[in-house]
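The structure appears below as structure tokens.
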Amino acid sequence: MRRSFIARNPSILVFLACLALFTLAITLMSEATGAGLISTSFVKTLGKTLCLCLVAVAMDLVWGYCGILSLGHFAFFGLGGYMVGMWLMYARTEIIVAGSLANAPLPPTPAEISDAIGSQIFGVVGSSDFPLIWSFAHSFWAQMALVVIVPGLLALVFGWLAFRSRVTGVYLSILTQAMTLALSLYLFQNESGLRGNNGLSGLQNLPGVGAGQDAVSMWFFWGSALALALGYVICAWVVSGKFGSVVRGIRDDEARVRFLGYSVEGYKLFIFTFTAVIAAIAGALYYPQAGIINPGEVAPIASIYLAVWVAIGGRGRLYGAVIGAALVSLVSTWFTGGLVPSIRLGFYTVDWVDWWLVLLGLSFVLVTLFAPKGIGGLVDLITDRIAPNRHGADYGPDKGALREGEGRK
Amino acid sequence: MATLLEVSGVSVTFDGYKAIRNLSFSIGEAEMRAIIGPNGAGKTTFMDIVTGKTSPDEGRVIWGEKSVNLLKMNEARIAQAGIGRKFQRPTVFEDQTVHANLLMALKNPRPSFACLFYRPSTRDLDRVAQLADEVGLSDALMRMSGELSHGQKQWLEIGMLLAQEPRLLLVDEPAAGMTLAEREHTTDLLKEAAKTRAVVVVEHDMEFVRRLECKVTVLHEGSVLAEGSLDHVTANPKVIEVYLGR
Ligand SMILES: Nc1ncnc2c1ncn2[C@@H]1O[C@H](COP(=O)(O)OP(=O)(O)OP(=O)(O)O)[C@@H](O)[C@H]1O
Ligand SMILES: [Mg+2]
């Protein structure tokens, strides 16, 4: 009964092997490190997809395992991106400014340099002063720490308030939506100090790095793959063992967990904050590949998509989240990129850029109704894991509890 | 014998309906008590109050030698203080194995960090095996508990209750869905537990109560109607009228 962690979870090895093979294949096909079969922009798309997979794993942990349908985890993803973006923008502008001021007859004072950086960055919002929140932007390590601290603290405070008052189910989901909405509205303001609707841009350029985008894209691709691998293993470890038992117990019947003496609020807060931090790290790797981040990225709908990915991939199993996120986001890029030919019906032309969302919505409804295990459920065909017939009964009284078809024998 | 739990003058109203009226009850440290009463008498609600699920409109619930006020504590802290509960409808974690259910209930530190780094010791695993044996689920240790029969779920929940090593066991209708032999076995388990701890058993089945050989409290319309030995209370005309006569 006391077999090792990996032995108890063979799916981890399979997942890691697939990820390693995929990374190797892309490396060998890329422009910078391989045969040049795929473009740099496609490498970036794949790298970004890996980050989306990581945030989906976090979403699965909080929703699929703990039963908290958070519709706000993309806010943490976005915040992570903003934190990294601040350093990237500052450091790069600093180099540019130092270069141009170096030709001045008098050596520039630190105040002059700071002013020049400020007017470069904040010119678009008609300002040149550094807002207080940029205090650490000059320091790489401090700003990297903020990637974890800012979203983590937000999650901690929000979660503490929400869980302490025992807000659950739909009300909690609405509350998390309100949080992302508030955050994105705040970021949209020029006074927020994060350049309003312009957002942060030029993030693909690493300061002081001479290498071309083809090489940089590969670094980020590898970094994202590594982050996904680590995140996956850590999450799998967290949900294995007794902690995982308690967390799944909370999902199905939190009152019962309380009567066993576990402080449900503490566990929920732990999971909520922990997943927020993972989401933030994923965002911090994503936006340098995207090159730009603006408040639209943390719009409430983004977090809803995240839940849809996990549902389509199959919640309550980490690889399901990865499959869902990878598939839906790649197919979505394909459809919305205008790569899929329109269907001409004579009287109407189905343009996939517009109709893709309808298709996605429809797949979501179909999966929820007819394949509650999601795409990840296909794995059960190989492993002979069958959902028992429970005559329609869910696995517990709570809203997030496993549904009949999601269980196993 | 020192008093372990003291409930006094407790009342609860649900939407205008007085489910518990001025109820007083107390139990000693190593004592067995049966609570009987017709449907809707307030037996389950009484347990809800003691375990912190329902907070009463008035009254006091005092616990232990330090006389802690249970009404100021939440469910988890009350459970940690040593009150374990078995529900009327068996409530186990259906998506988890019998083993996982028992391991979760086992008396060990409850905070999240302690739990995250917890690895079952040989002692814990032995204890789980021993408990499973006591409740006749040794062969089902690795089965999903949702797959168990009603009676087996009752057993599992009793096992979980014992695993918590509480000082007070509140057991709501443990014998429902069990065969005669299983009922006898349940009585033995409960009597064994009552040697070292307090046990409160709610049960409809008179034969079951008789076998417990303990003091009986009769609840009716939310308050105590009679208290004493089974023979004593069943001879009480009021009890016969509201309960036995039906
Ligand atoms: N949460 C609640 N809201 C409203 N009414 C309730 C609630 N809980 C219990 N009641 C009512 O309080 C009364 C006592 O219920 P309780 O469940 O304690 O009875 P019981 O003695 O356990 O009965 P049984 O033998 O059927 O289990 C019943 O009339 C019940 O309908
Ligand atoms: Mg009852």
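Where in the stretch A:390-409 does accessible area fall by at least 40 Å² between the isolated chain and the complete protein assembly, at a 1.4 Å probe radius? Residues of the stretch A:390-409 that lose at least 40 Å² of accessible area once the other chains are added: A:390, A:395, A:408, A:409. For the stretch B:88-114, accessible area lost to neighbouring protein chains reaches 30 Å² or more, against the chain alone with a 1.4 Å probe, at B:91, B:93, B:94, B:95, B:96, B:104, B:110, B:112. Helical runs assigned H by DSSP (4 residues or longer) give chain B a calculated mean residue ellipticity at 222 nm of -9500 deg cm²/dmol, each run adding -39500 (n - 2.57) before division by the residue total.
Under a 5 Å amide H cut-off, with hydrogens placed 1.01 Å from N, residue B:26 pairs with B:7 among residues at least 5 apart or on other chains. Find the relative contact order for chain A and round it to a whole percent, using C-alpha pairs within less than 8 Å whose residues are 6+ positions apart. For chain A, the relative contact order is 28 percent.
Percent of accessible area on the stretch B:135-246 owned by carbon and sulfur, 1.4 Å probe?
Numbers: 2350 of 4680 Å².
Reported share for carbon and sulfur atoms: 50 percent.
Under the combined filter of DSSP loop state and at most 10 neighbouring Cβ atoms within 10 Å, the stretch B:60-168 retains these trypsin sites (Lys or Arg not before Pro): B:66.
After finding the eigenvalues of the alpha carbon gyration tensor for chain B, what semi-axes result from the square roots of 5 times each, listed largest first in whole Å? Write down the numbers at each step before the final one.
Working: eigenvalues 182, 96, 51 Å².
Ellipsoid semi-axes (Å, largest first): 30, 22, 16.
For residue B:72, a cut-off of 27 angstrom between C-alpha atoms picks up these lysines, skipping any fewer than 8 places away in its own chain: A:268, B:18, B:43, B:53, B:86, B:107. With both residues required to sit in the protein assembly as shown, DSSP beta bridges show an antiparallel share near 60%.
The Cα center of the stretch A:261-284 and the Cα center of the stretch A:140-214 differ in position by 15 Å.
For peptide B:143-153, compute the average count of partner chain beta-carbon atoms within 10 Å of each residue's beta-carbon.
For peptide B:143-153, the averaged partner shielding equals 2.
The spacing between the stretch A:216-256 and the stretch B:202-221, judged by their C-alpha centroids, is 49 Å.
Solvent-accessible surface (1.4 Å probe) assigned to residue A:59 amounts to roughly 0 Å². Take residue A:11: with every protein chain present and a 1.4 Å probe, its accessible area is about 50 Å². Please label the shape of the stretch A:5-336 as rounded, prolate or oblate, based on the square roots a ≥ b ≥ c of the eigenvalues of the alpha-carbon gyration tensor (a/c under 1.5 means rounded; beyond that, a/b larger than b/c means prolate, else oblate). Cα axes put the stretch A:5-336 in the oblate bin. Given R₀ = 22 Å, what would the calculated FRET efficiency be for residue B:2 paired with residue B:191, taking r from the Cβ atoms and rounding to 0.05? For R0 = 22 Å, the calculated efficiency reads 0.60.
Dividing the convex hull volume of the alpha-carbon atoms in the stretch A:138-247 by its residue count gives 165 Å³ per residue.
Note the direction-averaged projected area, equal to a quarter of the hull surface, for the Cα convex hull of the stretch A:75-167, in nm².
Average of the hull's projected areas for the stretch A:75-167 equals 7.3 nm².
For a paramagnetic label modelled on residue B:204 (point 7 Å from Cα along Cα→Cβ), amide N atoms under 20 Å away belong, within the stretch B:21-60, to B:34-48.
Take chain A, mark every one of the chymotrypsin sites (Phe, Trp or Tyr not before Pro) that falls in a DSSP loop and has at most 11 other Cβ within 10 Å, then report the longest stretch left between them, sites excluded. Longest gap between qualifying sites, sites excluded: A:1-346. Hey, if you drop one equal point scatterer on each alpha-carbon of the protein assembly as shown and run the Debye formula without solvent, what base-10 log of I(q)/I(0) do you get at q = 0.06 Å⁻¹? Results for the protein assembly as shown at q = 0.06 Å⁻¹ read -0.44.
For A:4, B:112, A:114, give the ranking by accessible area with the largest first, probe 1.4 Å. Present the calculation step by step, with values, prior to reporting the outcome.
Values: A:4 70, B:112 20, A:114 45 Å².
Largest accessible area first, the list is A:4, A:114, B:112.
For the protein assembly as shown, the per residue solvent-accessible surface stands at 43 Å², with DNA, RNA and ligands left out and a 1.4 Å probe.
Take A:351, B:231 and sort them by solvent-accessible surface of the protein heavy atoms, 1.4 Å probe, largest at the top. Present the calculation step by step, with values, prior to reporting the outcome.
Numbers: A:351 60, B:231 95 Å².
Highest to lowest solvent-accessible surface, that is B:231, A:351.
The tail of the calculated P(r) for the stretch A:171-313 beyond 24 Å holds 49 percent of all Cα-Cα pairs.
For the chain pair A and B, buried accessible area totals roughly 3400 Å², probe 1.4 Å, rounded to the nearest 100.
Its Cα gyration tensor gives the stretch B:68-154 an equivalent ellipsoid, and the semi-axes of that ellipsoid, as √(5λ) in whole Å with the largest first, are 24, 18, 12.
Estimated from helices alone, the mean residue ellipticity of chain A at 222 nm is -21500 deg cm²/dmol (sum of -39500 (n - 2.57) over DSSP H runs with n ≥ 4, per residue).
The values are calculated or read from the model by the stated rules, or taken from the named source; none is laboratory data. None of these values were measured; they are calculated from a predicted model. Note that we place each Cβ from the backbone using ideal geometry, even for glycine, and neighbour counts take in every protein chain shown. The accessibility values were calculated without ligands, DNA or RNA, using every heavy atom of the protein model including side chains. Shrake-Rupley method; radii C 1.70, N 1.55, O 1.52, S 1.80 Å.
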